[in-house]
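In what follows, a structure is listed as structure tokens, so that the remarks can point back to it.
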Amino acid sequence: MSDAIRPQPGILDIALYEGGKAKLAGRDEVLKLSSNENPLGPGPAAQAALKRLVLGNAGADLHRYPSTDHAELRETIARVHGLDAARVICGVGSDEVIAFLCQAYAGPGDEVLFSQYGFLMYRISAQAAGATPVAAPERDRHTDVDALLAAATERTRLVFVANPNNPTGTMIDPSEIERLADGLPDHALLVLDGAYAEYVEGFDGGLALVEGRSNVVMTRTLSKIHGLGGLRVGWGYGPKAVIDVLNRVRGPFNLSSLQQAIATAALEDHDHVARSRRENAAARDWLTGALRAAGVGVDDSLGNFILARFDTPARAAQVDAALQAGGILVRRMDGYALPEALRITIGTMEDCRRLAGLVVQTLEAD
């Protein structure tokens, strides 16, 4: 390629996002606990919708473009969560909504702020928009509101906070989020990433804060508790003026008819959500206790994963290798500057017992 053909400044500085491993050489079957997926998979309503589409006459309409306004999906989101459908935007996962926000509100000379161990896509989307990513230190792997406020400047345009946070699993009180929203500069938009909000009983993901302010946006996904990671559907909710801006950069046909129909069905499967939350909490609490008993550092997690911290990066690598030898995949945290840690998705109780047994066996053998 000619040296004269170059990407925009900063693009080549982006570290490629690497998802959790899904395969192990020499093994046909592996236990994948590396991507925070729901071990129960999609619920009955989503599966039934897929079967209707596949076995019905949906294939005859593949030449038709999908709905560009996502009206039925947005109305379902609004009904389930008690929102105004006109203030909902849908994306290819919540990642795309995050990208829209950076594209629309940040650029060269601007800063995008997030916590030290915030989701990697905040940094990547900021860099893709030409903005400068800024990470504020956390306190014991918890989002530190004072640190975020101290890091906000006249250049800050977006502030991302995941609650519960990924990859730490920790959560801060909604009153702290409110204090952050009140203390930010007038020109900064606060984005509350609620990818794991449904795993917290009674938590609205920041909805009340969005409703009461003009500087707060919430993002959500169907990839986690709804078990639709492979479908890629997410959404955002915010002030009408902000959503109007985001729709101006959104591709008109970003979600297929299949995505919209299955997501619509999944959203109203309340029994599946409740069962997923209940079984996740039981297995997460058991695994947390088992690892702590073995001397592994584990913070209280509110998500569908835990962050297991070992004495050294070498010990984390040793445990990871032992798990892989046993056919289990977890997520190394080097990319988050946590080389001594492994992020472990909560599988079934049987999965957790199998994993804990290998970890204990590895630690005791040394």
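Read-outs throughout are calculated quantities, based only on the coordinates presented, and are distinct from any laboratory measurement. Values in this document were obtained by computation on a predicted structure and should not be read as measured data. Glycine gets a Cβ as well: all are built from the backbone with ideal geometry, and neighbour counts include every protein chain shown.
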Only one of Leu158, Leu255 is buried (at least 22 other Cβ atoms within 10 Å of the Cβ) and part of a strand (DSSP E or B), namely Leu158
Of (1) touching a residue at least 24 places away in the same chain (Cβ under 8 Å); (2) closer than 21 Å to Asp110 by Cβ, Asp244 fails just (1)
Selection from segment 27-50 of residues in a loop (DSSP other than H, G, I, E, B) and loosely packed, with under 14 Cβ neighbours inside 10 Å yields Arg27, Asp28, Glu29
When segment 132-146 is checked residue by residue, the ones that are over 30 Å from Gln8 (Cβ atoms) and either part of a helix (DSSP H, G or I) or of a type in the set (A, V, I, L, M) (or both) are Val145, Asp146
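If a residue must be outside any loop (DSSP other than H, G, I, E, B) and surrounded by fewer than 24 Cβ atoms within 10 Å (Cβ to Cβ), how many such residues does segment 191-208 contain? Before you say what the answer is, go through the steps one by one.
Going residue by residue through segment 191-208, those that are outside any loop (DSSP other than H, G, I, E, B) are 191-193, 197-199, 207-208.
Cutting the leftovers down to surrounded by fewer than 24 Cβ atoms within 10 Å (Cβ to Cβ) gives us 198, 207-208.
Final tally of qualifying residues: 3.
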Only one of (1) in contact (Cβ under 8 Å) with a residue 40 or more places away in the chain; (2) assigned to a helix (DSSP H, G or I); (3) closer than 24 Å to Ala274 by Cα does not apply to Leu53, and that is (3)
Residue hits (segment 171-187; among the charged types (D, E, K, R), closer than 10 Å to Asn215 by Cβ and outside any loop (DSSP other than H, G, I, E, B)) are Asp182
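Any idea which residue in segment 185-207 is nearest to the chain's Cα centre (by Cα), counting only those that are within 22 Å of Gly169 (Cα to Cα) and among the hydrophobic types (A, V, I, L, M, F, W, C)?
If we take residues in segment 185-207 being within 22 Å of Gly169 (Cα to Cα) and among the hydrophobic types (A, V, I, L, M, F, W, C), then Ala195 is nearest to the chain's Cα centre (by Cα).
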Within segment 69-78, of all residues that are assigned to a helix (DSSP H, G or I) and in contact (Cβ under 8 Å) with a residue 40 or more places away in the chain, the one nearest to the chain's Cα centre (by Cα) is Ile77
